[in-house]
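Below is one structure, written out as structure tokens; the observations come after it.
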Amino acid sequence: MPVFHTKTIESILEPVAQQISHLVIMHEEGEVDGKAIPDLTAPVAAVQAAVSNLVRVGKETVQTTEDAIMRRDMPPAFIKVETACTKLVQAAQMLKGDPYSVQARDYLIDGSRGILSGTSDLLLTFDEAEVRKIIRVCKGILEYLTVAEVVESMEDLITYTKNLGPGMTKMAKMIDERQQELTHQEHRVMLVNSMNTVKELLPVLISGIKIFVTTRTSQGKGVEEALKNRNFTVEKMSAEINEIIRVLQLTSWDEDAWASKDTEAMKRALAQIDSKMAQAKNWLRDPHAQPGDPGEQAIRQILDEAGKVGELCTGKERRDIVGTAKTLGQLTEQVSELRARGQGASPVAMQKAQQLSQGLDVLTGKVENAARKLEAMTGSKQAIAKRIDGAQSWLADPHGGPEGEENIRALLGEARKIADLSEDPKEREDILRSMGEIAGLTAKLSELKRAGKGDTPEARALAKQIATSLQNLQSKTSKAVANTRPTKAAVHLEGKMEQAQRWMDNPSLDDSGVGQTALRGLVAEGRRLANALPASQRQGLLGKCEEVEHLMAQLAELAARGDGDGPQARAVAQQLQDTLKELKGKMQEAMTQEVSDIFSDTTTPVKLLAVAATAPPDAANREQVFEERAANFENHAGRLGATAEKAAAVGTANKSTVEGIQAAVKSARDLTPQVVSAARILLKNPGNQAAYEHFETMKNQWIDNVEKMTGDTLLSDFVQNLTGCIRSIRPTNDRHAFKCNLLVLVLCFLVNKKFNACMEMCLCVFLQVCERIPTISTQLKILSTVKATMLGRTNISEEESEQATEMLVHNAQNLMQSVKETVREAEAASIKIRMDAGFTLRWVRKTPWYQ
């Protein structure tokens with residue numbers, strides 16, 4: 001099937017497809033109506049001229065290129081196009097003599113399809129070579145980043161900066177040109193975001209190296225912290241550049257972006273569990289510890305994190321983790337209640353505390369196993385992706401040594417690991433069958449290369465076949481990994497509510513588990529919110545969660561028995577809807593309270609940390625005050641991130657805003673220990689200007705991320721319902737009233753800030769969605785032509801035909817969605833607020849004639 005992920009490929013394929021579509025229409029008229037096909041000499045000559053020119057340019061490029069993969073892949077594409085063109089010319093000549101010739105019509109349609117397919121292959125090969133050029137520059141920067149480890153003097157730093165600057169400029173320019181060329185808006189955004197992050201981190205890197213050199217050469221303290229700062233920035237920049245390299249190689253929407261997010265989420269959950277376990281165990285061992293103490297909160301946080309991991313699993317694994325966490329939550333309530341009554345030292349309370357302690361160990365083991373399994377599968381998947389490049393290079397080199405065969409063998413070993421972990425027997429057999437085919441072909445090619453026949457037509461054909469089979473195997477293993485994960489629910493509360501509503505309206509319909517997944521996600525978020533509430537409010541929210549879970553199980557059981565459309569199911573569904581609305585209200589009220597408490601003051605702890613770090617050397621308890629404020633800052637940063645994540649999940653923000661909040665949370669979370677390290681360097685080196693500048697750089701970057709995180713969270717969830725927000729807080733004392741007022745001031749500041757950029761943002765988004773319509777329309781036209789050349793043909797595989805149909809339908813859906821988005825953004829862009837006149841102009845569509 002043709003690919004058109006760049007504007008250049010699309011612009012070349014579109015006129016070819018237009019010419020081919022005329023030929024297909026003539027063929028269909030002759031096939032269906034029995035009409036004689038007119039003389040096609042002129043249109044075929046036009047197609048032949050265009051194709052010949054393309055092939056000529058391609059051959060000239062191959063002769064001058066040093067890219068071995070391009071030299072290997074281009075000739076088969078030339079042959080494919082030229083063969084198809086010859087068929088087309090023969091068809092035109094035969095039809096000139098006999099306008100009703102059946103063989104000529106077959107030649108016409110086969111030649112048309114071959115030209116489209118071959119031209120697409122040729123253009124894709126050339127585009128891949130262009131991508132490899134950019135990747136070489138990116139890898140050069142990656143290699144040079146590691147040189148930061150040997151920079152030990154200011155002279156070295158000056159040289160390093162001079163050498164790094166031009167390379168970064170070149171990479172930024174190439175990435176900018178590439179993102180403008182792409183037709184996938186998501187890929188463009190990913191490239192721009194990663195490149196912007198690299199640019200933002202560059203001064204941080206230079207600052208980190210500078211403070212390391214300064215503290216080292218002056219024999220000052222804080223060398224270890226400076227080293228951590230420098231290494232963190234190098235790793236962060238390397239990760240972003242690796243992400244750029246990954247996105248550059250995508251030709252369709254990235255289906256596997258979830259993998260790294262899920263792995264990261266599981267690792268973070270495990271780290272949180274480990275950090276809280278000792279505190280939790282201490283609380284359980286002390287029968288006189290009070291309910292609500294930090295130890296009890298630690299247990300609830302452990303259960304929250306385990307629940308998050310459970311939601312990322314599927315089948316028995318998910319049931320085990322979620323079920324165990326729920327049981328331990330009930331035990332925690334019982335222990336807490338007994339201690340509140342002064343019975344913490346009773347045999348019953350001691351026994352329950354012991355059971356809870358053992359249960360936490362069991363739960364941790366289950367979470368570790370889940371994380372290990374996901375990491376193993378994604379690790380094998382990533383290893384395959386890395387091995388592919390080496391394998392392709394060996395296939396492209398006629399004189400490649402035995403290391404290439406070893407590379408392919410290692411790749412097949414990783415594929416076997418995925419096959420062994422796959423739960424679908426059909427998928428497993430498919431992967432193993434592909435592995436056997438590749439192993440056999442590789443053995444034949446290796447024999448030819450050892451015999452000095454690596455450059456023969458037979459060897460080249462084998463290399464091309466193996467290359468295609470490797471790509472297919474990679475696709476199959478990626479799909480197998482994706483299928484082991486649960487169906488993803490929407491990222492925010494409203495989306496989950498809609499998915500749940502669709503399932504409740506028709507529980508008998510197979511929705512791949514999306515509706516129940518959404519409901520489980522809502523219940524999990526509700527429990528997480530409940531754990532942060534005072535005991536007096538916690539039970540009400542937990543009770544609603546239990547009720548929703550019970551009703552969902554009832555409805556699912558009725559649907560499984562085939563009674564999903566019966567009166568009992570309808571009654572249960574209605575009850576579930578009502579309970580779900582109540583749960584939503586309680587969750588939003590709880591979230592509003594938490595946000596008002598946490599977000600009313602976001603920067604005071606970091607400012608206090610700065611004051612402690614710059615305290616005079618003779619200040620009393622200088623280091624003790626610093627450590628207290630550093631711990632307070634880290635604790636506050638953790639609460640900010642956790643609250644923002646919960647608000648994003650419970651709020652009404654769209655997917656892009658939620659992802660923006662999550663990205664800002666991640667950045668702030670990563671930067672928090674680095675800010676503390678930079679502050680500690682300043683503490684140990686009072687009066688050091690380089691240390692002060694470095695701390696300011698790290699602090700300002702942290703504040704920027706927190707502003708993005710809190711600003712998007714507040715605006716997405718509370719500006720539209722400001723009155724409700726204030727009412728729900730219900731200040732009962734001066735402290736709450738002050739927090740409420742402060743929150744309103746923050747909101748007003750953010751609204752003003754967003755308003756100033758609103759016109760430009762609306763226009764930018766409007767232009768982006770408008771641009772998608774002609775792009776997707778052209779793609780739809782090309783796909784329609786390709787599909788038309790397959791209709792009624794017996795020499796087309798069923799798999800290829802199904803793929804063409806899926807792409808055609810998907811593209812049509814994208815076009816419809818783009819039209820809807822354009823209308824919506826046009827409405828937004830048309831709003832004009834006349835502040836001086838006191839009124840607003842807004843575009844209102846007329847009521848359609850059919851309503």
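Computed from the coordinates by the stated procedures, all read-outs in this text should not be read as laboratory data. As the structure is a prediction and not an experimental result, all values here were calculated from the model. Ideal geometry is used to build each Cβ from the backbone, glycine not excepted, and the neighbour counts take in all protein chains shown.
Below are the figures for this structure:
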item	result
Gain in span if fully extended, Arg622 to Ser536, counting 0.36 nm per residue against the direct Cα distance	26.9 nm
Inter-site label distance for Ala271 and Glu494 at 7 Å from Cα along Cβ, in nm	3.3 nm
Listed residues Gln179, Val223, Ala239: farthest to the positive end of the dipole of segment 151-248 (Cβ charges)	Val223
Residues in segment 294-324 reached by a label modelled at Asn369 [backbone nitrogen below 15 Å; 7 Å Cα→Cβ]	310, 313-324
Förster radius 45 Å - calculated FRET efficiency between Arg639 and Gln574, Cβ distance, rounded to 0.05	0.70
Using a Förster distance of 56 Å, the FRET efficiency for Ala553-Glu437 (Cβ separation, nearest 0.05)	0.80
Mean separation of Cα contacts under 8 Å (6+ apart) over length of segment 255-486, as relative contact order %	20 percent
Length added when fully stretched, Asp505-His399, from 0.36 nm per residue minus Cα-Cα	31.8 nm
Net charge of neighbours whose Cβ lies under 11 Å from the Cβ of Ile418, counting Lys and Arg as +1 and Asp and Glu as -1	+3
Peptide ranges 608-614, 234-240 listed from the most packed, as the mean C-beta count within 10 angstrom indicates	608-614, 234-240
Additional length obtainable on full extension of the chain from Lys221 to Val192, 0.36 nm per residue less Cα span	6.6 nm
Percent RCO, i.e. relative contact order, over segment 492-585, from Cα pairs under 8 Å lying at least 6 residues apart	29 percent
Distance in nm between pseudo-label sites at Asp424 and Thr614 (7 Å out along the Cβ direction from Cα)	5.9 nm
Estimated FRET transfer efficiency (Asn231, Asn53; beta-carbon r; R0 45 Å; 0.05)	0.30
Label point distance in nm, Ser238-Lys170, each placed 7 Å from Cα along Cα→Cβ	2.1 nm
Phi to ³J(HN,Hα) by Karplus 6.51 cos²θ - 1.76 cosθ + 1.60 over segment 70-76, Hz, x for Gly, Pro	5, 5, 7, 7, 5, x, x
³J(HN,Hα) computed for each position of segment 678-694 - Karplus, 6.51 cos²θ - 1.76 cosθ + 1.60, integer Hz, glycine/proline x	5, 5, 5, 4, 5, 4, 7, 10, x, x, 7, 5, 5, 5, 5, 5, 5
Loop trypsin sites (Lys or Arg not before Pro), segment 397-483, which have at most 15 other Cβ atoms in a 10 Å radius of their Cβ (DSSP)	Lys453
DSSP-loop GluC sites (Glu not before Pro) across segment 397-443, with at most 12 other Cβ within 10 angstrom	Glu423
For Thr6, residues with placed amide H under 5 Å, excluding near neighbours	Thr183
Long-range amide H partners of Gln249 with built H, under 5 Å	none
